[in-house]
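Participant: Here it is: the structure, laid out below.
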Amino acid sequence: MAVILVSNCLLGCTCRYKGDDCRNEQILALAENHTLVGVCPEQMGGLPTPRDPSEIVGNQVISSAGKDVTAEYTKGAETALFLAQLNRVDFAILKAKSPSCGKGLIYDGTFTGNKIPGNGITVQLLQKNGIPVFSEEELDQLPL
C-alpha cells in the first residue's frame, strides 16, 4: 500500500485559480488500495480561490496582474513538503502545467498559453528532497 501526495484539484476540490477542479476518477480510485494525502500548495501558501493566474518568470512567480507571488508559492511548497515528509509519502501526483505543481512542462511566463520545459515550485522542492513526482498525464508510470 502506497502513501501518495495528490493535488487537491485532482481529488475534486474546487481550489484551482479559477475556482474549479479537475477531478480525476482514475486517481480517486487509487484510494481503494492506497492512502491519498491531498494538498493545494497555492492555498497553503495563503493565496485565495479564485485568484489571478500566475506563471514562473525567471526565478519569480508573477500573477497576471503583475504581482510577485513567489513568497506564497514558496510557503505552499514548503508546507506540501512538510506534509509529504510527515506522512512518509512514497511519491506525488500533481497537476500538470501548474506553476506550483507542473512537472516537465509549465507555462512560459507570457500568459499566452505557450509551454516550456520546466517544473513548478512544489515539484522542484519535492524532487530536491527525494520525492518522486508524476503528473496526472503519467499515471501509467506510477510505481505501484
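Participant: Test of understanding: among 81, 139, 125, which residue is hydrophobic (A, V, I, L, M, F, W, C) and surrounded by fewer than 19 Cβ atoms within 10 Å (Cβ to Cβ)? Break it down stepwise before answering.
Facilitator: Details: 81 fails: surrounded by fewer than 19 Cβ atoms within 10 Å (Cβ to Cβ); 125 fails: surrounded by fewer than 19 Cβ atoms within 10 Å (Cβ to Cβ).
Just a single option satisfies the conditions, and that option is 139.
Participant: In addition: Do you know which residues across the stretch 91-106 are in a loop (DSSP other than H, G, I, E, B) and either farther than 18 Å from residue 7 by Cα or aliphatic (A, V, I, L, M) (or both)?
Facilitator: Step one: of the stretch 91-106, the residues in a loop (DSSP other than H, G, I, E, B) are 95-96, 98-104.
96 - this is the single residue of the stretch 91-106 that is in a loop (DSSP other than H, G, I, E, B) and either farther than 18 Å from residue 7 by Cα or aliphatic (A, V, I, L, M) (or both).
Participant: Just to check your reading of the model, which residue among 109, 46, 38 is closer than 20 Å to residue 124 by Cα, part of a loop (DSSP other than H, G, I, E, B), modelled with pLDDT of 95 or more and touching a strand residue (DSSP E or B) at 6+ places or on another chain (Cβ under 7 Å)?
Facilitator: Working: 46 fails: touching a strand residue (DSSP E or B) at 6+ places or on another chain (Cβ under 7 Å); 38 fails: part of a loop (DSSP other than H, G, I, E, B).
One residue alone meets the criteria, 109.
Participant: If residue 122 passes every condition in (1) within 19 Å of residue 8 (Cα to Cα); (2) in contact (Cβ under 8 Å) with a residue 24 or more places away in the chain; (3) part of a loop (DSSP other than H, G, I, E, B) but one, which one does it miss?
Facilitator: Exception for residue 122: condition (3).
Participant: Which of the numbered conditions does residue 13 fail, given that it passes all the others? Conditions: (1) closer than 18 Å to residue 76 by Cα; (2) out of contact with any Leu (no Cβ under 7 Å at 6 or more places or on another chain); (3) of a type outside the set (Lys, Arg); (4) not in a loop (DSSP other than H, G, I, E, B).
Facilitator: Unmet for residue 13, out of (1) closer than 18 Å to residue 76 by Cα; (2) out of contact with any Leu (no Cβ under 7 Å at 6 or more places or on another chain); (3) of a type outside the set (Lys, Arg); (4) not in a loop (DSSP other than H, G, I, E, B): (4).
Participant: Continuing with this model, one more query. With the structure loaded, tell me whether residue 52 is closer than 12 Å to residue 99 by Cβ, at pLDDT 95 or above, touching a Ser or Thr at 6+ places or on another chain (Cβ under 6 Å) and not in a helix (DSSP H, G or I) or whether it fails that test. Before the answer, list the steps.
Facilitator: Numbers: closer than 12 Å to residue 99 by Cβ: yes; at pLDDT 95 or above: yes; touching a Ser or Thr at 6+ places or on another chain (Cβ under 6 Å): yes; not in a helix (DSSP H, G or I): yes.
Yes; evaluated as a whole, the condition is true for this residue.
Participant: Do you know which residues across the stretch 29-49 are under 16 Å from the mean Cα position of the chain (by Cα) and surrounded by fewer than 15 Cβ atoms within 10 Å (Cβ to Cβ)? Break it down into steps so the answer makes sense when it comes.
Facilitator: Taking the stretch 29-49 as the starting set, the residues that turn out to be under 16 Å from the mean Cα position of the chain (by Cα) are 36-49.
Answer for the stretch 29-49, where residues must be under 16 Å from the mean Cα position of the chain (by Cα) and surrounded by fewer than 15 Cβ atoms within 10 Å (Cβ to Cβ): 46, 48.
Participant: Additional query: Give me the pairs, please: first residue somewhere in the stretch 92-105 and in contact (Cβ under 8 Å) with a residue 12 or more places away in the chain and farther than 22 Å from residue 31 by Cβ, second residue anywhere and among the charged types (D, E, K, R) and part of a loop (DSSP other than H, G, I, E, B), beta-carbon distance under 9 Å, and either six or more positions apart or on two chains.
Facilitator: 97/103; 102/95
Participant: Something else: Got a sec? Which of 130, 76, 118, 113 is buried (at least 18 other Cβ atoms within 10 Å of the Cβ) and on the phi > 0 side of the Ramachandran plot? Give the derivation first.
Facilitator: Numbers: 130 fails: buried (at least 18 other Cβ atoms within 10 Å of the Cβ); 76 fails: on the phi > 0 side of the Ramachandran plot; 113 fails: buried (at least 18 other Cβ atoms within 10 Å of the Cβ).
Selected residue: 118, the only one of 130, 76, 118, 113 that is buried (at least 18 other Cβ atoms within 10 Å of the Cβ) and on the phi > 0 side of the Ramachandran plot.
Participant: Could you check the stretch 61-91 and list, in sequence order, the residues that are without any contact (Cβ under 8 Å) to a residue 24 or more places away in the chain and of a type in the set (Asp, Glu)?
Facilitator: Within the stretch 61-91, 68 is the sole residue that qualifies.
The values are calculated or read from the model by the stated rules, or taken from the named source; none is laboratory data. Please read all numbers here as calculations on a predicted model, not as lab measurements. Glycine also receives a Cβ, built like all others from the backbone with ideal geometry; neighbour counts cover every protein chain displayed.
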